[in-house]
Amino acid sequence: MLFLYGFVPAAVITAVRCVLAAFLTAGSLTAMAYSLAGGFLSLIIMLVLKMGYERVFSIYGISMAGAAAHNTAQIAVASLILGDTAVFVYLPVLL
């Protein structure tokens, strides 16, 4: 979506997807926080790489950076919610 239509449509789809997933799967606000943080950080990272480094990275490399940012944001939110940095131990496994 980011590559075809730009940032605003991609951001709208990200927000709607996260909110709908939380409500349709009987998820909690915590789950929605994980999803929104991961979705928007990955979107921002991909936008920055697309704008500044599109000649360096392919769409695959930019997508992989977005996936890494998504996992990192979710671990950061988990750390904030739990009040403990021990969850960062899982980050290398996720990446």
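The values are calculated or read from the model by the stated rules, or taken from the named source; none is laboratory data. Predicted model, so just to flag it, every value in this text is computed and none were measured. Methodologically, a virtual Cβ is constructed for each residue, glycine included, from the backbone with ideal geometry; neighbour enumeration extends over all protein chains shown. Keep in mind that these areas ignore ligands, DNA and RNA; they rest on the heavy atoms of the full protein, side chains included. Shrake-Rupley method; radii C 1.70, N 1.55, O 1.52, S 1.80 Å.
Relative contact order for the chain: 24 percent, from Cα pairs under 8 Å spaced at least 6 residues apart, divided by residue count. Each peptide among 20-27, 76-83 gets the average number of other Cβ atoms lying within 10 Å of its residues, and from highest to lowest they stand as 76-83, 20-27. Karplus-based coupling profile of region 75-92, in residue order and whole Hz: 5, 5, 5, 4, 5, 5, 5, 7, x, 8, 8, 4, 5, 5, 4, 7, 4, x, with θ = phi - 60° in 6.51 cos²θ - 1.76 cosθ + 1.60 and x standing for Gly or Pro.
Within the set of other residues whose C-beta is less than 15 Å from the C-beta of Ala11, count the net charge using Lys and Arg as +1 and Asp and Glu as -1. Could you put the intermediate results ahead of the total?
Details: positive: Arg17, Lys50; negative: none.
Result for the local shell: +2.
Estimate the FRET efficiency between Ala21 and Leu95 by the formula 1/(1 + (r/R0)^6), using the beta-carbon distance for r and 25 Å for R0, to the nearest 0.05.
Details: r = 23 Å, r/R0 = 0.91.
After rounding to 0.05, the efficiency reads 0.65.
Based on protein heavy atoms only, the chain ends up with 65 Å² per residue of surface accessible to a 1.4 Å probe. Solvent-accessible area assigned to carbon and sulfur over the chain amounts to 73 percent, based on a 1.4 Å probe.
Ellipticity at 222 nm from helices only: DSSP H runs of n ≥ 4 in the chain, each -39500 (n - 2.57), divided by the residue count, give -26000 deg cm²/dmol. Rounded to the nearest 10 degrees, the inclination of helix 29-53 to the longest alpha-carbon principal axis of the chain is 20 degrees.
When the P(r) is computed for the chain, the part past 17 Å accounts for 54% of the Cα-Cα pairs.
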